[in-house]
Amino acid sequence: MNQFAPTQVIRGAAPLTGKHAPEIQAFGSVVSMPIALDEKTRRESQDNLNQLLADTITLRDLYKKHHWQVAGPTFYQLHLLFDKHYEEQNDLVDQLAERIQSLGGVSIAMAPDVAETTIIPRPPKGREEVPVQISRLLHGHEIVLKEARSMARQAAEAGDDGTNDLLISDIIRGNEKQVWFISQHLVDVPLVKAD
């Protein structure tokens, strides 16, 4: 007989599955946080950041769609660049969600909620040509940048320096750099010869 064979299972060793309970915080609400910002300011920043979060998630996913579906002579370069930008947008998604939570809010998280909230136009399910893919990405960036600039001003006026800093230092600068990188792929220059 094996001296290590179990003879009984301790009740606490089994996972506790199938749990149900009401939400502990409703979406759109803010709980008190000792960060020296009043509830009105935190709620306004949360609402703004959730809109920006939905649009950033959409832009991030648009990069992954194009990463998978890109074709043509610049396939390899764009395949890698789109994936790099996807990862950078994913970092911004995390920063936005964490800022919302630190304000005492609830960050948007699920795909159906993002789809209902985003203002970035939905692309077709099918594959598109590279110039169209890049134009879609540039339009998405423009939407995010316009929102972020307006929201940064609002946050500054309300004294929400943390939100203002996130918007300027990370969202605006990161998106502007990505716009620069991908827009250069639409410049009409010859690939193999010059005059």
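Numbers below:
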read-out: Ratio of Rg to Rh over the stretch 42-165 (Cα coordinates, Kirkwood Rh, two decimals); value: 1.02
read-out: Fraction of accessible area attributable to carbon and sulfur, the chain (%, probe 1.4 Å); value: 56 percent
read-out: Efficiency of FRET from Cβ geometry, Thr74 and Phe27, R₀ 35 Å, rounded to 0.05; value: 0.25
read-out: Phi-based couplings in Hz for the stretch 143-154 (Karplus 6.51, -1.76, 1.60; Gly and Pro marked x); value: 4, 4, 5, 4, 4, 4, 5, 4, 5, 5, 4, 4
read-out: Candidate aspartates and glutamates for bridging to Lys40, where Cα separation is under 20 Å - those fewer than 8 sequence places away on the same chain excluded; value: Glu98, Glu147, Glu157, Asp160, Asp161, Asp165
read-out: On Cα atoms only, tilt of 173-183 relative to the major axis of the chain in degrees; value: 40 degrees
read-out: Where GluC sites (Glu not before Pro) fall in DSSP loop in the stretch 91-195, at most 15 other Cβ within 10 Å; value: Glu129
read-out: For Asp83, solvent-accessible area (1.4 Å; no DNA, RNA or ligand), Å²; value: 50 Å²
read-out: Anchor Lys125: lysines whose Cα lies under 23 Å away (excluding residues fewer than 8 positions away in-chain); value: Lys64, Lys65, Lys84
read-out: Positive-end residue, the chain charge dipole about Cα centroid, Cβ charges, pick of Met110, Gln178, Ile143; value: Met110
read-out: Phi-based couplings in Hz for the stretch 114-130 (Karplus 6.51, -1.76, 1.60; Gly and Pro marked x); value: 4, 4, 6, 9, 4, 10, 6, x, 6, x, x, 5, x, 8, 10, 5, 3
read-out: HN-Hα J in Hz across the stretch 69-80 - Karplus 6.51, -1.76, 1.60, θ = phi - 60°, x for Gly and Pro; value: 9, 4, 8, x, x, 9, 3, 4, 4, 6, 4, 6
read-out: Average accessible surface area per residue within the chain, 1.4 Å rolling probe, Å²; value: 64 Å²
read-out: Cβ-placed point charges (K, R +1; D, E -1), dipole of the chain about Cα centre in debye, nearest 20; value: 600 debye
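The values are calculated or read from the model by the stated rules, or taken from the named source; none is laboratory data. No experiment lies behind these values; they were computed from the predicted model shown. Don't worry about glycine lacking a Cβ; one is built from the backbone with ideal geometry, like all the others, and counts go over all protein chains shown. For the accessible areas, the whole protein counts, side chains as well, though only heavy atoms, and no ligand, DNA or RNA atoms are used. Shrake-Rupley method; radii C 1.70, N 1.55, O 1.52, S 1.80 Å.
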